[in-house]
């Protein structure tokens, strides 16, 4: 069992909750980092705090950075509509450079904590066409974290762990349930209401619902 | 003359002001991005707005992200003392992952703007031992920006320009003066007062003063 420190990016959704449960199962001291980036589905931040506590994170920190001021995404701009059907190419729910910003903030905290790993629940199978969920992006960021930090220069390079990256949504759910994740607490919906109830129509809801069906597990999602 | 769009990271210091002047001299439409990251020398942000206007930036945006909450640097933690003499190794004024966070935010804005370049005034000669001012770090980040953005996937990869990276401070000052930069407006000091007057003692002040001496230019810095 590893007793090291890890920063775990925790959105409050299904994938990152599973990612935290996996890290906890290896015995790591987990420091959960949630980012308030101006997302319309702010209910996921309350879910993140709840999940971090439930899964025994050593600390749960919320960092605020206003990506909405740059615009360009339906997730941060209320004047753009979240689509109800899958789109060709990279969808309008893509938030420019979001995972680059998230990993950069996780790197900053990891360096101060003396953490040796960052865990991130990105998934390249059900990734909705987001470029910053691909393995080659993660590998490139790991190089940045090694070259751009004091820890990296001094020989303690950060590892970026993405255990879910090649799993299907069904596999993620099965692994999470085996680890005791309560998915009723998680919020995946791009336009969840203030109580965290899902719309049932957006891309994130569709992927999630299909995942529960494929996993043969009753969907505990609270719908609007 | 290039007529493209560039995001220019503008701290309000000597290097980034010169960087903006160089970009403007090539005819680029420059979008200046300043980051309020919890730095103690917040006077540099007012200087940045002033310089952006003076040098004809198309827009000057301030993004807020609290790196101070993570601690670990004398620049964001008032309980740590800014040293008056150069230190061995990476100094305590290093802010964990600062340039990674800055470049990530610049990438986000660049993507929304359709900008093809990010300009950053990092300098590897007088870099005070900061790992995230080295050419290999910048090259690694360019790969991240290419792989992690919609623009990069669609073939319009962002270039990260660091024209000052191999110049001495004296050379930067000479080039800036030739382009009309008014260095009296810039704030480099790590503990500038609220009016932007420099302490004259910190590492940044020392590098800057030595630069003016080596360039044979009268130092216009306003000292406390």
- Evaluation of residue B:100 against (1) modelled with pLDDT under 95; (2) within 19 Å of residue B:130 (Cα to Cα); (3) over 12 Å from the mean Cα position of the chain (by Cα) (one fails), failing number: (1)
- Task: Would you point out the residue of segment A:110-132, among those that are part of a helix (DSSP H, G or I) and closer than 24 Å to residue A:176 by Cβ, that is modelled with the highest pLDDT?
- Result: A:110
- Item | Residues located in segment A:205-224, provided they are surrounded by 19 or more Cβ atoms within 10 Å (Cβ to Cβ) and out of contact with any helix residue (DSSP H, G or I) (no Cβ under 9 Å at 6 or more places or on another chain) | A:205
- Message: Can you tell me which residue is nearest to residue A:106 (Cα to Cα) among those in segment A:44-79 that are in contact (Cβ under 8 Å) with a residue 60 or more places away in the chain and part of a loop (DSSP other than H, G, I, E, B)?
- Response: A:55
- Of all residues in segment B:166-183, which are part of a helix (DSSP H, G or I) and touching a residue at least 24 places away in the same chain (Cβ under 8 Å)? B:169, B:170, B:171, B:172, B:173, B:174, B:175, B:176, B:177, B:183
- Task: Identify, by number, the condition in (1) surrounded by 14 or more Cβ atoms within 10 Å (Cβ to Cβ); (2) at the interface with chain B (Cβ under 9 Å from one of its Cβ atoms); (3) touching a residue at least 40 places away in the same chain (Cβ under 8 Å) that residue A:82 doesn't meet.
- Result: (2)
- Out of curiosity, is residue A:163 in a loop (DSSP other than H, G, I, E, B), facing chain B (nearest Cβ under 8 Å) and more than 18 Å from residue A:34 (Cβ to Cβ)? no
- Query: If residue A:24 satisfies every condition in (1) surrounded by fewer than 24 Cβ atoms within 10 Å (Cβ to Cβ); (2) in contact with a helix residue (DSSP H, G or I) (Cβ under 7 Å, 6 or more places away or on another chain) but one, which is the exception?
  - Reply: (2)
- Scanning segment A:44-69 for residues that are out of contact with any strand residue (DSSP E or B) (no Cβ under 6 Å at 6 or more places or on another chain), away from chain B (no Cβ under 14 Å) and surrounded by 20 or more Cβ atoms within 10 Å (Cβ to Cβ) gives A:44, A:47, A:51, A:55
- Out of A:151, A:214, sole residue that is part of a helix (DSSP H, G or I) and modelled with pLDDT of 95 or more: A:214
- For residue A:8: the one exception among (1) on the phi < 0 side of the Ramachandran plot; (2) without any contact (Cβ under 8 Å) to a residue 24 or more places away in the chain: (2)
- Using the structure shown, decide if residue B:72 is touching a helix residue (DSSP H, G or I) at 6+ places or on another chain (Cβ under 8 Å), facing chain A (nearest Cβ under 7 Å) and either over 18 Å from residue B:9 (Cα atoms) or surrounded by fewer than 23 Cβ atoms within 10 Å (Cβ to Cβ) (or both). yes
- Message: If I filter segment A:188-199 for residues that are surrounded by fewer than 21 Cβ atoms within 10 Å (Cβ to Cβ) and touching a strand residue (DSSP E or B) at 6+ places or on another chain (Cβ under 7 Å), do I get at least one hit?
- Response: yes
- Query: Quick check, is residue A:41 more than 13 Å from chain B (Cβ to nearest Cβ), part of a loop (DSSP other than H, G, I, E, B) and crowded, with 24+ Cβ neighbours inside 10 Å?
  - Reply: yes
- Task: Select from segment A:85-102 the residues that are in a helix (DSSP H, G or I) and more than 8 Å from chain B (Cβ to nearest Cβ) and list them in ascending order.
- Result: A:102
- Among what's in segment B:108-136 and is over 15 Å from the mean Cα position of the chain (by Cα), facing chain A (nearest Cβ under 7 Å) and in contact (Cβ under 8 Å) with a residue 12 or more places away in the chain, pick the residue that is surrounded by the most Cβ atoms within 10 Å (Cβ to Cβ). B:111
- Task: Could you grab me the full set of residues in segment B:143-160 that are facing chain A (nearest Cβ under 9 Å) and under 14 Å from residue A:147 (Cβ atoms)?
- Result: B:143, B:144
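Yes or no, residue by residue, for (1) more than 15 Å from the chain's Cα centre (by Cα); (2) modelled with pLDDT under 95:
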site: B:72; (1), (2): yes, yes
site: B:76; (1), (2): yes, yes
site: B:80; (1), (2): yes, yes
site: B:90; (1), (2): yes, yes
site: B:95; (1), (2): no, yes
site: B:140; (1), (2): yes, no
site: B:156; (1), (2): yes, yes
site: B:161; (1), (2): no, no
site: B:172; (1), (2): no, no
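The values are calculated or read from the model by the stated rules, or taken from the named source; none is laboratory data. No experiment lies behind these values; they were computed from the predicted model shown. Here Cβ is always computed from backbone atoms with ideal geometry, including for glycine, and neighbour counts include all displayed protein chains.
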